[in-house]
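Just below is one structure, and these are the notes that go with it.
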Amino acid sequence: MKKIIILPIMLFFIGCTAPIDKQYDDASETEDLLAIRKEITVYDYKVLKWQLAFLKQNNQDLSGKRYHEMLTTGQQRWKDTLKMREVVLEEKKQREEEARIKQKMQLFCNTKWGMYYYKPDYLDVNPDVVESNPELAAKAFKLDPNNSWIIFYEDGTCEVKFNDPDKTAIQKWSFVDDEIVFSYGWKDEKGVLSRNKTRFKILDLEDEIFNVSEIEESINLVLKSTIKMRKIE
């Protein structure tokens, strides 16, 4: 009598088992997947099919595995795959950016650029300063390329001679956001190091000319200039 009562109950629970909770059976795979497709999202269904194909391709034993277990594993594997793709894509972008920067740097590095024109823009904004006269300013800041030149090296240093026939200086520079950046500073009366920064915004860069807009920034002052250069060696 007990067996008669228990059997219908077991059949009831078996009949109510959700398709996603069923154990995998190769014989009923197509029927099971059609039933599962009606109960889960399109995205989850694609992940389940993807994971199932992956397991079969790698000759995994599917006996005893339930569809919901395979779906959970597939979801995690898909997240890991997406993260890996992001890493690979980011590394590719970084390599491309490094290659672009290197290519750009090679255009102006290891070349002696003679400076032949230097015009501070601030001379034009103060009518009380005699040097504001455009003609005087142009004459005053025409440079001799033999005594005013710069050579950039790929190791992040540059050799500079500015309007001095005998003296040269070595400075450090970096290439940031398509700008050449020089950083320097000094200690004030309290021993605190103040930082200044000069940036060369590239205006023209060709085989024979290299023109930049110079922006010199200190704590309380920003000076803007135009520097024109040409290859002299």
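The values are calculated or read from the model by the stated rules, or taken from the named source; none is laboratory data. Not measured: the values here are computed from a predicted model. Neighbour counts are summed over all protein chains in view; Cβ atoms, including those assigned to glycine, are modelled from backbone coordinates with ideal geometry. Areas reflect the complete protein model, heavy atoms only, side chains present, ligands, DNA and RNA absent. Shrake-Rupley method; radii C 1.70, N 1.55, O 1.52, S 1.80 Å.
Per-structure values
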quantity	calculated
Unique residue being of a type in the set (Lys, Arg) and modelled with pLDDT of 95 or more when the list is Lys119, Lys112, Lys104	Lys112
Which numbered condition Ile215 misses (of (1) among the hydrophobic types (A, V, I, L, M, F, W, C); (2) modelled with pLDDT of 90 or more; (3) within 28 Å of Gln94 (Cβ to Cβ))	(2)
Qualifying residue in the range 65-74 (condition: in contact (Cβ under 8 Å) with a residue 40 or more places away in the chain and of a type in the set (Phe, Trp, Tyr))	yes
Test: Glu29 is charged (D, E, K, R), over 30 Å from Phe175 (Cβ atoms) and modelled with pLDDT under 95	yes
Test: residue in the range 27-47 that is among the acidic types (Asp, Glu) and in contact with a Phe, Trp or Tyr (Cβ under 8 Å, 6 or more places away or on another chain)	yes
Residue among Ala53, Ala35, Ala18 that is open to solvent by less than 90 Å² (accessible area, probe 1.4 Å), over 30 Å from Val176 (Cβ atoms) and in contact with a Pro (Cβ under 8 Å, 6 or more places away or on another chain)	Ala35
Selection within the range 51-87 - farther than 20 Å from Ala27 by Cβ and among the small types (Gly, Ala, Ser)	Gly74
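Every residue, every condition in (1) touching a helix residue (DSSP H, G or I) at 6+ places or on another chain (Cβ under 7 Å); (2) under 30 Å from Lys142 (Cα atoms); (3) open to solvent by 40 Å² or more (accessible area, probe 1.4 Å), yes or no:
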{"position": "Arg66", "(1), (2), (3)": "yes, no, yes"}
{"position": "Met70", "(1), (2), (3)": "yes, no, no"}
{"position": "Trp78", "(1), (2), (3)": "yes, no, yes"}
{"position": "Glu86", "(1), (2), (3)": "no, no, yes"}
{"position": "Arg95", "(1), (2), (3)": "no, no, yes"}
{"position": "Ile101", "(1), (2), (3)": "no, no, yes"}
{"position": "Leu107", "(1), (2), (3)": "no, yes, yes"}
{"position": "Asn110", "(1), (2), (3)": "no, yes, yes"}
